1. Report D for segment 29-96 in µm² per second (integer): Stokes-Einstein, Kirkwood Rh on Cα pairs, 4 °C, 1.567 mPa s.
2. Among the listed pairs K35/K67; K4/K67; K19/K43, which have their C-alpha atoms separated by more than 20 angstrom in this model?
3. For the chain, what is the relative contact order in percent, using Cα pairs closer than 8 Å and at least 6 residues apart in sequence?
4. At a probe size of 1.4 Å, how large is the accessible area of T8, to the nearest 10 Å²?
5. Taking Cα pairs under 8 Å and at least six residues apart, what relative contact order does segment 1-49 come out at, in percent?
6. Distance in nm between label sites at R93 and A66, each 7 Å beyond Cα in the beta-carbon direction?
7. If we count every other residue with Cβ under 15 angstrom of Y87's Cβ, Lys/Arg +1 and Asp/Glu -1, where does the sum land?
8. Give me the accessible area of V115, 1.4 Å probe, in Å² rounded to the nearest 10.
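The values are calculated or read from the model by the stated rules, or taken from the named source; none is laboratory data. Since the structure is predicted, the reported quantities are computational estimates derived from the model, not experimental observations. Don't worry about glycine lacking a Cβ; one is built from the backbone with ideal geometry, like all the others, and counts go over all protein chains shown. Heads up: the accessible areas ignore ligands, DNA and RNA and are worked out on the full protein's heavy atoms, side chains in. Shrake-Rupley method; radii C 1.70, N 1.55, O 1.52, S 1.80 Å.
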Amino acid sequence: MLKKIDFTALSKKETNAAKRIRLLALAHYSEGMNKAQIARTLKVSRASVNKWVAAFLDKGIDGLDAKSPPGRPASLSSEQIKKLSRYIEYHSRSDVGGRLTGADIQAWISSHLNVDYKMSNIYRLLHHTNPIKNMI
């Protein structure tokens with residue numbers, strides 16, 4: 001199975017640098033290099049090479065894709081995010097009142113959605129829920 005795939009050609013077409021390294025590791029592996037030699041050649045750990053080869057043998061080329069980091073689950077549901085987006089959109093189009101600040105949005109989320117956010121996370125959340133960005 002390894003001999004049938006041209007990993008070197010695939011690596012040249014790959015835009016993701018991490019996946020390119022994984023493909024090069026498999027190219028070396030298919031040419032008969034041992035995992036320790038591959039690790040030294042690519043300047044990565046032998047454990048990484050072991051994982052990449054095992055992932056390929058288990059899942060094929062798709063096993064080489066980067067896994068998304070688990071991270072903490074979102075505090076707001078998709079419905080709550082839609083409510084927040086509508087609130088922001090309404091105030092951005094309103095003729096009365098001033099502009100919304102991060103503190104205004106933080107207070108609205110706390111009082112209407114019963115979720116407490118730190119101010120730094122308000123701006124990160126706004127980056128993902130900005131209705132004006134979605135309309136462009």
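1. The calculation lands on 79 µm²/s.
2. Correct reply: K35/K67; K4/K67.
3. 15
4. The value for T8 is about 50 Å².
5. Value for segment 1-49: 28 percent.
6. Here the answer is 3.7 nm between the modelled labels.
7. Neighbourhood net charge equals +2.
8. Here the accessible area works out near 20 Å².
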